[in-house]
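Inspection log for the structure reproduced underneath, given as structure tokens.
The values are calculated or read from the model by the stated rules, or taken from the named source; none is laboratory data. Every value quoted in this text rests on a predicted model; they were computed, and no experiment measured them. Every residue, glycine as well, gets a Cβ built from its backbone with ideal geometry; the counts of neighbours run over all protein chains shown. Accessible surface is based on the protein model in full, side chains and every heavy atom, while ligands, DNA and RNA are left aside. Shrake-Rupley method; radii C 1.70, N 1.55, O 1.52, S 1.80 Å.
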Amino acid sequence: MSLPPLVEPADELTVDEVRRYSRHLIIPDVGMAGQKRLKNAKVLCVGAGGLGSPALMYLAAAGVGTLGIIDFDVVDESNLQRQIIHGQSDVGRLKAESAAASVREINPLVEVVIHNTALTTENVMEIFSGYDLIVDGTDNFATRYMVNDAAVLLGKPYVWGSIYRFDGQASVFWAEHGPCYRCLYPEPPPPGMVPSCAEGGVLGVLCASIGSIQVNEAIKLLTGIGDPLVGRLMIYDALEMKYRDVKVRKDPECVLCGKNPTVTELLEDYEAFCGAISDEAAEAASGSTITALELKGMMDRGENIFVVDVREPNEYEIVSIPGATLIPKGEFLNGSALEKLPQDKKIVLHCKSGARSAEALAVVKSAGFSDAVHVGGGVLSWVKTVDPSLPSY
Ligand SMILES: [Zn+2]
């Protein structure tokens, strides 16, 4: 499938631009016309993180005229293993600002627009409407569905990518010419089923593998060359070193882009749609959540408690709460953890951020440990509020 170019060419290239982009200009498929289209293009990158880093750097180098960067986060030391648009001296700095500085350094001819805000249902339509194309570098399902819905409602194409450990996926979603993200994934995964990169890790260079596919597809769409990744899902396995692509068909029953759509505007609450944690976990955690500081107080007073870390062994090795016993969440879900719990102590569960421990808490409470609690914010909150000398991850 070939599609017409998304962008009209700019009137001309300056002498500086001709020099800078000469390796593009001598490719017949790109040429002067293609480079002028890139110059006129407005591309928004959602997130200046793992995927956003290589995407922004190559979009900038390629000569995309206007680059929008939306991110509200600040650069953390644990980002630097993969988010190569930021450097050591950027730690603590706003990611959007840090990324903009790198873009300007790579190519001062690019106009950078900084959106130093979270993408929300209130601002997504207005922000997206200022761009020709969106590159989605988000890492959570709530934002992914919101990006998809806004793009479909505005009739805009976007390039999607996702990464986890050694596995990556990418596709172009453009409802006018093919499926949308909801055609591929009609329902978000059950809460807690799909671990995030923060929980499961990601090989740093995988970001470049998938981010560069996203830029490749962006350039093809903007200039109207090649066979875009519309209606195809690219699946990459870095360990096997295999790329394969599978056909994704437009779902005629899609609630958003199908024949009889029932979603005709943005949802009110994408977090709720994707469910941060399951209903059972939310119910169990309600009234049974303590802070890391409260746990420290219980320890200091010598209270009769049994602290259980429900994370995985490799996470426990990185950082753990002193005295905590490791019993991974899976053992709670299959029931084998219960016999390891003392009957005469108050059970205190924790994980990295509080989601997995809430799931385990539901199991523990329904097994009769009615006074069990979990630590809201998990070990991250412990590091932040109790012992900042410990490493975060
Ligand atoms: Zn759809």
- Item | residue 210 vs. criteria closer than 23 Å to residue 140 by Cα, of a type in the set (A, V, I, L, M, F, W, C) and either surrounded by fewer than 24 Cβ atoms within 10 Å (Cβ to Cβ) or more than 16 Å from the ligand (Cβ to nearest atom) (or both) | yes
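Between 175, 170, 150, 142, which is small (Gly, Ala, Ser) and within 13 Å of the ligand (Cβ to nearest atom)? Outline the logic, then answer.
Values: 170 fails: within 13 Å of the ligand (Cβ to nearest atom); 150 fails: within 13 Å of the ligand (Cβ to nearest atom); 142 fails: within 13 Å of the ligand (Cβ to nearest atom).
Answer to the selection: 175.
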- Taking only pairs six or more apart or across chains, which ones have beta-carbon atoms under 6 Å, a first residue in the stretch 206-217 that is in a helix (DSSP H, G or I), and a second residue that is open to solvent by 20 Å² or more (accessible area, probe 1.4 Å) and among the basic types (Lys, Arg)? 207/82
- All positions within the stretch 13-45 that are closer than 25 Å to residue 105 by Cβ and open to solvent by 90 Å² or more (accessible area, probe 1.4 Å): 15, 19, 20, 23
- Does the stretch 239-253 include one or more residues that are open to solvent by 10 Å² or more (accessible area, probe 1.4 Å) and touching a Ser or Thr at 6+ places or on another chain (Cβ under 8 Å)? yes
- Message: Taking the criterion of being buried (at least 16 other Cβ atoms within 10 Å of the Cβ), under 16 Å from residue 218 (Cβ atoms) and under 17 Å from the mean Cα position of the chain (by Cα), would at least one residue in the stretch 100-120 satisfy it?
- Response: no
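Listed here are the residues, each with its yes/no results for (1) closer than 21 Å to residue 41 by Cα; (2) modelled with pLDDT of 95 or more; (3) open to solvent by less than 10 Å² (accessible area, probe 1.4 Å); (4) not β-branched (Val, Ile, Thr).
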| position | (1), (2), (3), (4) |
| --- | --- |
| 128 | yes, yes, yes, yes |
| 155 | yes, yes, no, yes |
| 159 | yes, yes, yes, no |
| 168 | no, yes, yes, yes |
| 171 | yes, yes, yes, yes |
| 174 | yes, yes, no, yes |
| 180 | no, yes, yes, yes |
- Item | Qualifying position, being open to solvent by less than 10 Å² (accessible area, probe 1.4 Å), touching a Cys at 6+ places or on another chain (Cβ under 6 Å) and without any contact (Cβ under 8 Å) to a residue 60 or more places away in the chain, among 67, 56 | 56
